[in-house]
Structure formats: C-alpha cells, structure tokens
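The structure under discussion appears below in the form of structure tokens.
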Amino acid sequence: MKKTRNSTTTTTGGGGATTAMRVIVPLQGIVQGRGGLFLGSVIPCALFYFLQLYLKGRGGRNSDEPAAPPESSPSETHLPDVSTLQRVHSRLLLSPRGTSGLAQVSSRIAKQADGPYYVGLNHAADDPYDEMNNPDGVIQLGLAENRLSLDVVQEWLADNTRESIICQDLSISGIAAFQSFDGLVELKVVVAGFMSQVIEKPMFFNPAQIVLTAGATPAIEILSFCLADPGNAFLAPSPYYPDLDRDVKWRTGVEIVPVPCRSADNFSLSTTALDRAFNQAKKRGLKVRGIIISNPSNPVGILYNREMLYSLLDFATEKNIHIISNEVFAGSTHGSEEFVSMAEIINTEGENFDRNRVHIVYGLSKDVSLPGFGIGVIYTFNENVLSAAKKLARFSPVSAPTQRLLISMLSHTKFIQRYIKINRERVRRMYILFMGGLKLLGIECTKSNGGFYCWADMSSLIRSYSEKGELELWEKLLNVAKVNATPGSSCHCVEPGWFQLCFSTLREKDIPVVIERIRRISETCISRS
Amino acid sequence: MAIEIEKPAVGLSKVAVSDTHGEYSPYFAGWKAYDENPYDELWNSSGVIQMGLAENQVSFDLLEQYLEKHSEATNWGNRTSGFRDNALFQDYHGLQSFRKAMASFMEQIRGGRAKFNPDRIVITAGATAANELLTFILADPGDALLIPTPYYPGFDRDLRWRTGVKIVPVHCDSSNNFEITPQALDAAYNEAESHNIKVKGVLITNPSNPLGATIKRSTLEEILEFVTRKNIHLVSDEIYSGSTFSGEEFVSVAEVLEARDYKESDRVHIVYSLSKDLGLPGFRVGTIYSYNDKVVTTARRMSSFTLISSQTQQLLASMLSDRTFTENYIKTNRERLKKRHQMIIDGLKNSGIECLKGNAGLFCWMNLSPLLEEPTKESELTLWKSMLHEVKLNISPGSSCHCSDPGWFRVCFANMSEQTLQVALTRIHNFMDRRKAMKSSPDFSSY
C-alpha cells in the first residue's frame, strides 16, 4: 500500500461522510492547492477506508494513516502503538500525540530548541547573581546584551524622554495613529546616520533602503522568508550563535548548512570550506540560496577583512546566491583592526558585484544598550526584497512611541558620539580584563576585535575530548561554579571544549568573582593528557 | 557586436514574489485613492473621505488627558532599578506588570464575567502578529482554518502568506443576519475534507468585523460544540470587545468556558489588542490568551519575532492598571461610539439605506444591494467605484470580505470628526437623491 506523504493524521469524530475514495495525493499537490486532484487507485483507497472505519470505531482518537496493512485484528482492544506504524513521515513522530482527544498542534511546536544554551539562560534568570542579595547566584555569561553603558543612556533618557514622546506640536494622535509598518521616515533617516557614525566612516546609508523591525531577530527571519523557500538552505560559518537556528529555520522551513571554521585558522572562514559545504548541500539535495555571516562574528568575535568579503561576494556571484551580513555588533569593535561593512564594499565596488544579492542586518540592541527597546534594521540593495520586507514588517513592527524616542535620541549627535566612544572604551577594557583573568587560569581565547564576549578554549578542563565531555564541563560550570557560559556545541562548533563567555552584563568587580569560581572547579577537573 | 549574455537574476522565494499580501484588492485600492486626494475640512473639502479604516479616534482626548496628568509613566530616568529592568534583555515573557494590567483590563471589558490569568498572556506587536503566530502554531502548511464570511480582508494575508495555511470560508448570508450556523460549519468542513485538506481550527471575530455585531451566546456554544466534535481549535479574535455600545451584550468565549468550568478549553485561544478599543494602533500591542499550556509556551518563544519594547509595556502597564482611568475610558468610549453609530444609522436611514442591526465595532454593515444593476460581484464593484470616484467616499466592498451576498459594504464611522461624518452622510444623501431622480426619468440614458 502506498504511503501517503501528506501530514497523515486524520481528524476523527463526526466526520460523517468521509469520501469513499480516500485520495492519495502527493504533499506537493495539497500545498499547491490543487484540491480535487484524484489520483488514487481504488484498492489501496478502499483498504484505507475500511481501516479508517475500524480506527474511528475505536472512539475518536486521532489516527495515523498507516503505512502497512493493519496488523491488529478487530478483536484487539487497543490501537497499534505509534511506533509500530513504521515508515510514517518523520514529522509525525515529532508531533505530540497529546492526551487522547486533544486537538493536535503543528509540527513546529515539536521543533523547539531546548538545548543547553536555553537551559543555561533560564537557570541564570531564575537564580541571578547579586553581590548583595544573592552572592551565590548564577553569574550570567550567556547573554550577549550590553549593560556596560546603560548609565549613559539612562542619563539621557532622564533628561529627554517626556518631550521626545509627546512633542509640543505632536499630540497623542501623532504617536497613536496608524503609520506604515516599516518605520517612520524620520527614524530611518537618523538610523542611517547612526549606522554611519557607528562604523566611524563617512558612509552613506540610504534611508529609502531601510526596513525597521522589532529587533534583529525578525529582520533575519524576514530575509530568510524572502530569499529562500521551505526546504532550501543557507550556508552559515560555524560556530554561529545558537539563536540563528531559530531565526532562520523555525517557521520558515529553511535549513542551515554549517561551514565549519577551525581554531587552526583562528576560526576564520575559508573558501575551500565554503565550496565543500556547498557541494555537500547539493549532494543532500538541498538548494543553497544564500550565505549568512555575522560580522563581527558571534560567538567568536573576529572581523571579516576586505579580502574575505570580496571572496564571499565572488563566491556568491559564482553560485548566484544571496549574502546576508549580520552586523549588529558593528559598534562594539574594540581592537585595532578596521571594521569593514558589506555596505562599504558595495558602495565602492558597485559595478563589479550585483548588489541585488546583498542584504545587511543591523540592530540597536547590542550597540546602544537598548535591548528592551529592540529595533532591527534590514538594509537591502534589492528593490524586490525591499518591497516584500516592507509588507512583511507588519508582523514585527516597532511601536510609535519607541520610534519617537529613538528619533530624538539618535538626533542628538553629540550625545551619540560621546556614547559610542565611551561604550567602545568600556567594552575594550572589560575584554582585556576578562581575557587577562582567563589567561591566569591557563585558558586562552581567540583574539577578538569585536563583540562583547570571549571565545575561550577550555578543552584542557574537559575529561574526554568530545561533545559529551564539553557538556559535562558546561554542567559543572552551571551547577557547581554557578556560571552560565555557552558551550561550543550549542554553536555547532566542530572542536569540543570551546565556550563563549559574555562579559557585557558584568561590572568590573564581578570579573575576579567569575575567575575565582572557574578556578575552583578547574582544580577539580581532570585535564586531558 | 558581441551579444551580452544575460545572467539569471538572483532568485527570491515564493513568499517574496507572491501577491498574497493582497495589496491589489479593492480594499486597499480605495486607500490609494484616499491617499492621493484626502479630505480635509479646511483645505480639501471635496477630497475623498476615508471610511475604510477601522480606527477609533473618538476618545483620543481621554488618552491625552491621562498622559498629561501622569508624565511619570513616560519617564524612567528617575527610577534607576526600574530602568535597568526596563532595558533588560528583551525577555519574551514580557513585563509582569504589563501582563497583569492587560489581564485586568480584559476582565473589566467583560464586566468581570471572565477571569484572565496573567501567566497565560503572551504579548505580540499587534493583533496581526498574534493571529499569524497562532496560525503558525496550530496548523502546518497546507492545513486550513475555517473562517465565517464576511471576514476582515487582512486575514487572507495575515493568516496565509508566510504560514502556507489555507482559509476555507464558512458561508453566512443575509437570510439570517449573517449568523454562523452549525450547518454552515459542517459544510465548510466537508468541503475542505473533500479536497483532502486538513482543518485545524475555526477562527471567529467577536464582535465581528465587518458586521459590527456581537455573536450570540447560543452561537458560541454551538461553535464550541462543533470544534470539540471535530477535535480542532477555536481562535476568538476579540479585538473589538471594548467597542460594544452596551456593556451587557458582548459575550466572550471566555465567559462560556468559565460557565462550564473550563472543560475542553485547551483548544480555545483568544486574541486581543489595544489598537481598536484604546485607539492606539501606533503602539502595536497585541496579545494571545490561550488555555493551552503548550500553546502558551510555544507562543511565548515565538513572540521573540514580534516583541513590544519594554518602554511601551511600561507606559501601558501604568495606564491600564489605573482603574479610575480604565473604568471611565471604557464607559465613555462606549457611549461615544454608540452615539456615533446612531448618527450614521439615522443618516443612512434618511437616505433610504438600511444597515445590519449592529451593536459593536467601529463600522456598520450597509446594505446597498437594492442599488445593484444585477446581484453580482461585478455590479457591486461598479457601485463601489461610483462611491469612490463620484461620491468621494472610500468604503469597503463586501466582496473583498468574501461576502456571498453582493451589495453589502462596510462603512467606518469612528476614524473622523462628527463634522466630517456629517459631510459624508450629506454626500450619500445627495447620491441617493440623484439615483432616485435618474430612475424616475426615463430619458436619462447614463449618469
């Protein structure tokens, strides 16, 4: 009997007049809405039909359309176990059976991330360290959120908020009323200016190419929806930040094919690896639609130099695919290396590359200590993507009062200049202190030039050089040392033992506390010899 | 001369190129006409009056007053710890204070007849996002939701575009005031089944858009019985629940569930928003209230894609937990909407136009079928065009709401001043007079 490939759960109960001719149609047909396409052959259908009757007679449970002829005789008193209904579509095994009679939910629910990254975040949130009130709490090193310069922003807000939101000549109707979903023009203008200030170059960002969203997360998802169909794939250099899996894959049905980078190369991307990954994807039958990079990279914190960006563009041109450059940490560079935005390459080398394939994501939450005020930016050179993204922004818009506030804040260019400078200094300072502290413990970090985290090699502390060993260490760090760090395996790192340690939620005086805690458990770890 | 070989353009997805965004439909085309020639009392008194936008501007002054008096709601600089919490990691749980305030506000709107647990509230950036999110959670691509017609045109886009989910209409017609019947539900379900489409739920809007009427308790119970029987979900979009003209007539599905001790409730999910009731569409505040734990957890995680800034949450938390303000607002808003509604109903009646008996919402459902040349969609669109270009009123044709009876139109009355509404009514009156004259003059060949 042919197996039906569509989502094979039949709803039951008073379905009443189920068609006698149970149709076997390919999934494609259903999705394309070609209802009424009758392909089935009579005998399997009739068998199906009789099985349905039998299963329905069992009292309203959802049933799978089985792949094999029913093994159980009508005299059995229980339904065949799900697992015996072999060859059912893998999605079905994931979808929750629920209690009997409970309406099913989509397979997306089953595909939720619950790995160490999220467990650790929740743990730390439930038992947060506080010098005074909870000195034994968990110190959060898993959150790339910038609290280093909150006081500077706070000061500005204290002086300026009220006027910003409700301006003299702009009553509530101005902020309450319906606006276009992709952001106020004034905000786009100041954001364009801000982006230029952040990269510290007189680069022109065109406000008309900007779509504003409620954070960088929806910005990435919107681009994923626009550039790839379900079942297609993006290449992403690994290690990459854990949330990328959610942002790109969860609701879109798009796959990520990691392009492994190694410590030997300082985790920088090689075109050989890109090629290999592309070909592997092809072999798996996956159509690659684009590459997605983060620059400065997360979790490692390195910058892409000009040469590498050109190579990427060449590669994308050769394969006729897109490039998404996630530059949310552009304002948190702290080393001596120059930050080069993908936009700069396009602006200067416009003719040599097809700008229609380049899309940049930016956001204010990392650089401007404003995660609670999340604004994301899609900056694209592609008219069609711009048009689609503008419409899709309706699902993730930024509220008007927040926009007004940001317009005001970002227009205070002197304040912004001062803020960027102070923030950079503090990030740099914390980076040096933290790196230094880890070094004292014999833990080396990749030389990073951006972002507010260290990518640390803790492999000497793990018992077995494997993912298992790494997770044991992670667990020890979380539950014994009470430090939440992100294990490399959550970032798809191919080498075990690497951890991302974010220092941006710490104050300087917390660093010795962290180092001490790590030291204590490192003494109890058996080093790999 | 060498022939240039054209390289294939870098491709986009089906989602990107599809026109499921629906911006070519008349519903949106009318807006364009308005944008090009908007009415203004002083500067453009012959411009197009926008009656296709369901927004509530009748109670702005109350909001303004509140914000004037409570400037601390908009100022976080002083409270150091408050700010730190405020600017905290954009936690998708949302501020506890905001969820509490929303729960309490939703209870007040329902006259305390239903209780809402703040921990079941998931916040999203607008009801649009809430509806899409629920669709992602309740259905897979290719599955369907049953939606009674006529329905809000935006659903075609919001529920289908990225989700790949289909809408199967549940046909309601004027023979019984467009009420939803079990027969219609069954027919729609069977229609879906016959095309091998799996139905995952029913989505109702209560009070209804575009009908401007609440759903009767008995109908809600029938719908609940239907979804239970079919073992599917029920989404109740209650974004107009605070815009009923009297406090008593609106029955929320939450009340029905509470009355039956929440049996079978984990298939029910409510969508709410502040855009309509509070006249704050620019704030982009939506919520999902689900009785299903798994849905709550998943929705919360998915809300990462559609967060409300903590600043906005803070502001609204203060406002919505101020009972003096909310009680007064709800009451006053209701009265004003009722008055407006009466005004337009009377005005239309004077012009010989009947509307569906309405008791809620920011619009009325107007019956212009007697004016149609033929009872067809094409005739309706011709009439709609006349209204737009001759009478200079943008109203929404029933066909864009998938109404099976041609000739019905949705007319919004709360997004303008009373004077503007009067102008609109006068224009309609004149239009009707002209048509009467045309009909009684046999020599008149065309108008």
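The values are calculated or read from the model by the stated rules, or taken from the named source; none is laboratory data. Since this is a predicted model, take the numbers as computed values, not measurements. Heads up, the Cβs are rebuilt from the backbone with ideal geometry, glycines too, and the neighbour counts pull from every protein chain shown.
Laid out as a table, the results:
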item	result
Top-ranked residue of the stretch A:209-242 - restricted to ones that are assigned to a loop (DSSP other than H, G, I, E, B) and within 13 Å of another protein chain (Cβ to nearest Cβ), ranked as surrounded by the most Cβ atoms within 10 Å (Cβ to Cβ)	A:214
Segments classed as helices (runs of 4 or more DSSP H), wholly inside the stretch A:114-188, with at least 2 members that are within 11 Å of chain B (Cβ to nearest Cβ) and at pLDDT below 80	A:150-165, A:172-176
Matching residues, the stretch B:152-164, being more than 9 Å from chain A (Cβ to nearest Cβ) and either in a loop (DSSP other than H, G, I, E, B) or of a type in the set (S, T, N, Q) (or both)	B:152, B:153, B:159, B:160
Among the candidates B:388, B:368, B:356, B:348, residue that is more than 14 Å from every other protein chain (Cβ to nearest Cβ), over 30 Å from residue B:249 (Cβ atoms) and either in contact with a strand residue (DSSP E or B) (Cβ under 8 Å, 6 or more places away or on another chain) or of a type in the set (Asp, Glu) (or both)	B:388
In the stretch A:260-292, the residues that are assigned to a strand (DSSP E or B), crowded, with 23+ Cβ neighbours inside 10 Å and away from chain B (no Cβ under 14 Å)	A:292
Strands (runs of 3 or more DSSP E) wholly inside the stretch B:222-298 containing at least 1 residues that are in contact with a Lys or Arg (Cβ under 6 Å, 6 or more places away or on another chain)	B:233-237, B:286-290
The stretch A:493-527, residues that are touching a strand residue (DSSP E or B) at 6+ places or on another chain (Cβ under 6 Å), within 25 Å of residue A:264 (Cα to Cα) and surrounded by fewer than 19 Cβ atoms within 10 Å (Cβ to Cβ)	A:494
Among the candidates B:300, B:267, B:229, residue that is surrounded by 24 or more Cβ atoms within 10 Å (Cβ to Cβ) and not polar (S, T, N, Q)	B:267
Test: residue in the stretch B:169-180 that is within 12 Å of another protein chain (Cβ to nearest Cβ), touching a helix residue (DSSP H, G or I) at 6+ places or on another chain (Cβ under 7 Å) and at pLDDT 95 or above	no
Subset tally (residues that are assigned to a loop (DSSP other than H, G, I, E, B), surrounded by fewer than 24 Cβ atoms within 10 Å (Cβ to Cβ) and among the hydroxyl-bearing types (Ser, Thr, Tyr)) for the stretch B:93-151	1
Given (1) of a type in the set (S, T, N, Q); (2) part of a loop (DSSP other than H, G, I, E, B); (3) surrounded by fewer than 24 Cβ atoms within 10 Å (Cβ to Cβ), number of the condition residue A:297 does not satisfy	(3)
Residues of the stretch B:155-185 satisfying the condition of being of a type in the set (Val, Ile, Thr) and either over 13 Å from residue B:144 (Cα atoms) or within 18 Å of the chain's Cα centre (by Cα) (or both)	B:167, B:170, B:180, B:181
Unique residue being over 15 Å from residue A:194 (Cα atoms) and buried (at least 19 other Cβ atoms within 10 Å of the Cβ) when the list is A:315, A:381	A:381
The stretch B:283-296: number of residues that are surrounded by fewer than 23 Cβ atoms within 10 Å (Cβ to Cβ) and either facing chain A (nearest Cβ under 10 Å) or acidic (Asp, Glu) (or both)	3
Residue among B:417, B:396 that is among the polar types (S, T, N, Q), surrounded by 20 or more Cβ atoms within 10 Å (Cβ to Cβ) and out of contact with any Leu (no Cβ under 9 Å at 6 or more places or on another chain)	B:396
Complete set of residues in the stretch B:158-196 that are surrounded by 17 or more Cβ atoms within 10 Å (Cβ to Cβ), touching a residue at least 40 places away in the same chain (Cβ under 8 Å) and small (Gly, Ala, Ser)	B:188, B:192
Test: residue in the stretch B:311-323 that is away from chain A (no Cβ under 14 Å) and either free of Cβ contacts under 8 Å to residues at least 12 places away in the same chain or not in a loop (DSSP other than H, G, I, E, B) (or both)	yes
Single condition residue B:44 does not satisfy, out of (1) touching a strand residue (DSSP E or B) at 6+ places or on another chain (Cβ under 8 Å); (2) farther than 30 Å from residue B:156 by Cα; (3) at pLDDT below 90	(3)
Filter result (touching a His at 6+ places or on another chain (Cβ under 9 Å) and in a helix (DSSP H, G or I)) within the stretch B:172-212	B:184, B:187, B:188
Of all residues making up the stretch B:30-68, the number that are more than 24 Å from residue B:329 (Cα to Cα) and either β-branched (Val, Ile, Thr) or within 10 Å of another protein chain (Cβ to nearest Cβ) (or both)	2
Verdict on residue B:385 being touching a Phe, Trp or Tyr at 6+ places or on another chain (Cβ under 9 Å) and either closer than 25 Å to residue B:246 by Cα or assigned to a helix (DSSP H, G or I) (or both)	no
Subset of the stretch A:393-413 that is among the β-branched types (Val, Ile, Thr) and in a helix (DSSP H, G or I) - its residue that is nearest to the chain's Cα centre (by Cα)	A:402
Residue identified as in a strand (DSSP E or B) and either buried (at least 19 other Cβ atoms within 10 Å of the Cβ) or charged (D, E, K, R) (or both) among A:416, A:420, A:360	A:360
Candidates A:325, A:311 - the one that is closer than 23 Å to residue A:382 by Cα and part of a helix (DSSP H, G or I)	A:311
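Yes/no matrix, rows are residues, columns are (1) modelled with pLDDT of 95 or more; (2) touching a Ser or Thr at 6+ places or on another chain (Cβ under 6 Å); (3) closer than 22 Å to residue B:163 by Cβ:
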{"site": "A:215", "(1), (2), (3)": "no, no, yes"}
{"site": "A:224", "(1), (2), (3)": "yes, yes, yes"}
{"site": "A:237", "(1), (2), (3)": "yes, no, no"}
{"site": "A:269", "(1), (2), (3)": "yes, no, no"}
{"site": "A:274", "(1), (2), (3)": "yes, no, no"}
{"site": "A:280", "(1), (2), (3)": "yes, no, no"}
{"site": "A:283", "(1), (2), (3)": "yes, no, no"}
{"site": "A:289", "(1), (2), (3)": "yes, no, yes"}
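Let's see how each residue does on (1) modelled with pLDDT under 95; (2) of a type in the set (D, E, K, R); (3) closer than 30 Å to residue B:355 by Cβ:
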| residue | (1), (2), (3) |
| --- | --- |
| B:263 | yes, yes, no |
| B:272 | no, no, yes |
| B:279 | yes, no, yes |
| B:307 | yes, no, no |
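Residue-by-condition table, conditions (1) assigned to a helix (DSSP H, G or I); (2) surrounded by 18 or more Cβ atoms within 10 Å (Cβ to Cβ):
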residue	(1), (2)
A:435	yes, yes
A:439	yes, no
A:447	no, no
A:454	no, yes
A:465	no, no
A:470	yes, yes
A:473	yes, yes
